[in-house]
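S.K.: First, the structure itself, so that you have it in front of you.
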Amino acid sequence: MTTQTYKKRAVLTGGTLVVLLALTSLYCWWNTDVLGDDAYCDGKLASADAGSVLDSAGRISAVTTQVGTGSGRAEFRCTIERTSRFIGTGTQRLTLRTGTESGSFPFTTAVWKDPASRSYFTNGATGAVSGSGGYVVLPKACWSKVGAFQGSRIVVPDDGSVTTVEAAMDQGSADPAALARLLTGLAQKVATDAGCAEPEPARPPVLAAPSDPRDTDARAVCGLKGFSLPAATLPTAAAEPGTEQVNRATAHTWACDLALSGTSGARLSLAATSDPTTLEAVRNDSDAFEELPGGKGRATTNQALLKCDTSDVYFAARFNPEYKSLLMDRVRRAGDPASTAVRLEQTTFQAFLDSAAASYGCPRAPLPTK
C-alpha cells in the first residue's frame, strides 16, 4: 500500500466517523432529552415529571409559556410537546394551566363531560384524571387568590368560582397515574407561590379507576335497583337503553355515563359525591339553587345538595347537546311549550334522585317545579 493510498483511506475513515458522530448527535437531539431543559412552565415542571407523562420516544420542548407577574401571582398556562424524527412516533402535546371553574364543573360542564370515564383521587387532594387530561382543585384559601389566563390577560376569580390546576392532552394520550402525580405536584407549587398552601402537602394520589363499559339494564340503569329512564325521554330508534360505564371505586364519588343507542347520539351522565372539597365548591356556587321544603337541602332542575344521615351529598345530571336537542324536537312536534323539554330532563333527574338518595341515607326530595 502506497503512502498516498494510506492517507486517502485515513481521510475517508476520519470523514466517515465525523458524519456518523454528526448523525448520532442529531439523532440524540431530535429523539432524546440529552442536553435538554431541566424544567418547563417557568420552572414549575421538572423535566423528569414531564417525561413521565409524555412517555413516548422523542425530545420534549416548550411551545408556549405564560406566567403571572408580580408578588403572589401564581397563574400560569404552558404547552409542552414531545416530538421525534425518523422513528415514526406520534407527537404528544400537553397543556397545563390554572383555571377558574364553577363549583360543579366536574359533573355539569361540557369540557369535563363523561365523569365516569375518569379515575378519581381516593386520598389527599380532590382531583381526577384520564388518558386525555385531568384536574386538581386547589385549597379553598386559594380560590380568591389564583386566577386564569384568557388570552394575554388574567381573569380574577369571582365569589362563586373555585381554582384548579388542569391538564389537557392536545395530542396523544398520557398515563393517568403519572398525570395525577404531575398535577398534584404542580398544585402544591401554585398554592405555595400564592401563599395559600395547606400545612401538610398533598399525598401522592391513589386512583380509583372506572369499570369497563357494559350493556344497560333498562330496569336497573347504572346498577341502581328500580331506576329506569322515563319512557317520554326515550324516543324509539332515536334514544334507547344502550351501554353504560360506572365508577364507584371511591368512598366519596360515584358516576355513571350512559351512551344511548339509536340515531341521536344522546348521552347522559349522572353523579353523586360526598367529597368535602366538592361540597364546599358547590356551596360556593349555589346561587341558582332553591331551598327544598322541610330543610332537606337545596336543588335546581338537574342538581341537588341534600342533607343526609352522615353528611351532605351532591347529585347531578348532565344531558349532552344531542340529547337536549332530541327532547326539544319531540316537544316541538307535540306542540308543547319549550319549557316541557326542561321538565323532561327534570323528570329523569328526579327518577335518579329517588333511586340513588336512599343508598346515601338521604331523604326523598321532590325537586322545584320549573
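S.K.: Given charges of +1 on the Cβ of Lys and Arg and -1 on the Cβ of Asp and Glu, with all other atoms neutral, how large is the dipole of the stretch 36-208 about its Cα centre, in debye to the nearest 20?
M.R.: 180
S.K.: Shifting gears a bit: If contacts are Cα pairs under 8 angstrom and at least 6 residues apart, what is the relative contact order of the chain in percent?
M.R.: 13
S.K.: Which residue, PRO139, PRO199, SER84, has the largest displacement toward the positive end of the dipole of the chain when charges sit on each Cβ (Lys, Arg +1; Asp, Glu -1)?
M.R.: So the residue we want is SER84.
S.K.: Where does each of ASP42, ASP114, ASP159 land when they are ranked from fewest to most other beta-carbon atoms within 10 angstrom?
M.R.: Placing the least packed residue first, the sequence is ASP159, ASP42, ASP114.
S.K.: Quick one: net charge of ASP114's neighbours, Cβ under 10 Å, K/R +1, D/E -1?
M.R.: Net charge around ASP114: +3.
S.K.: Within 10 Å of each residue's Cβ, count the other Cβ atoms and sort ARG153, ARG343, ARG318 from fewest upward.
M.R.: ARG153, ARG343, ARG318
S.K.: Here's something else I'd like to know. Rank the residues LEU138, LEU367 as a footprinting-exposure proxy: fewest other Cβ atoms within 10 Å of their Cβ go first.
M.R.: Ascending Cβ contact count within 10 Å gives the list LEU367, LEU138.
S.K.: Still on this model: Please build a GNM for the chain, connecting alpha carbons under 10 Å apart, and tell me which residue among GLY160, GLY134, GLY147 fluctuates the most.
M.R.: Among GLY160, GLY134, GLY147, the largest GNM mean-square fluctuation belongs to GLY160.
S.K.: Continuing with this model, one more query. Under a Cβ-only charge scheme (Lys and Arg +1, Asp and Glu -1), can you give me the dipole magnitude of the chain about the Cα centre, in debye to the nearest 20?
M.R.: 880
S.K.: Among ALA125, ALA50, ILE154, flag the residue with its Cα farthest along the positive direction of the charge dipole of the stretch 36-208, charges on Cβ as +1 for Lys/Arg and -1 for Asp/Glu.
M.R.: ALA50
S.K.: At 0.36 nm per residue, and after removing the present C-alpha to C-alpha distance, how many nm does the segment from ARG153 to GLU280 gain when stretched out fully?
M.R.: Extra length from ARG153 to GLU280 when fully extended: 42.9 nm.
S.K.: Can you give the helix-only mean residue ellipticity at 222 nm for the chain, where every DSSP H stretch with n ≥ 4 adds -39500 (n - 2.57) and the sum goes over all residues, rounded to the nearest 500 deg cm²/dmol?
M.R.: Calculated at 222 nm, the ellipticity per residue is -9000 deg cm²/dmol.
S.K.: A follow-up question, please. For a test of the definition: using alpha carbon positions, the gyration tensor, and the 1.5 limit on a/c, classify the stretch 36-208 as rounded, prolate or oblate.
M.R.: Prolate, because a/c is 1.5 or more and a/b exceeds b/c.
S.K.: Here is the link list: LYS145/LYS324; LYS189/LYS324; LYS140/LYS307; LYS189/LYS296; LYS225/LYS307. Which ones come out longer than 29 Å on Cα distance?
M.R.: Over 29 Å Cα-Cα: LYS145/LYS324; LYS189/LYS324; LYS189/LYS296.
S.K.: Which option, (1) 65, 46, 44; (2) 68, 68, 42; (3) 104, 52, 35, is the value of Cα extents along the principal axes in Å that was calculated from these coordinates?
M.R.: The calculated read-out lines up with (3).
Values quoted throughout were computed directly from the atomic coordinates according to the rules given, and no laboratory measurement underlies them. All values derive from a computational prediction rather than experimental measurement. Virtual Cβ from ideal backbone geometry, glycine too; neighbours counted across all protein chains shown.
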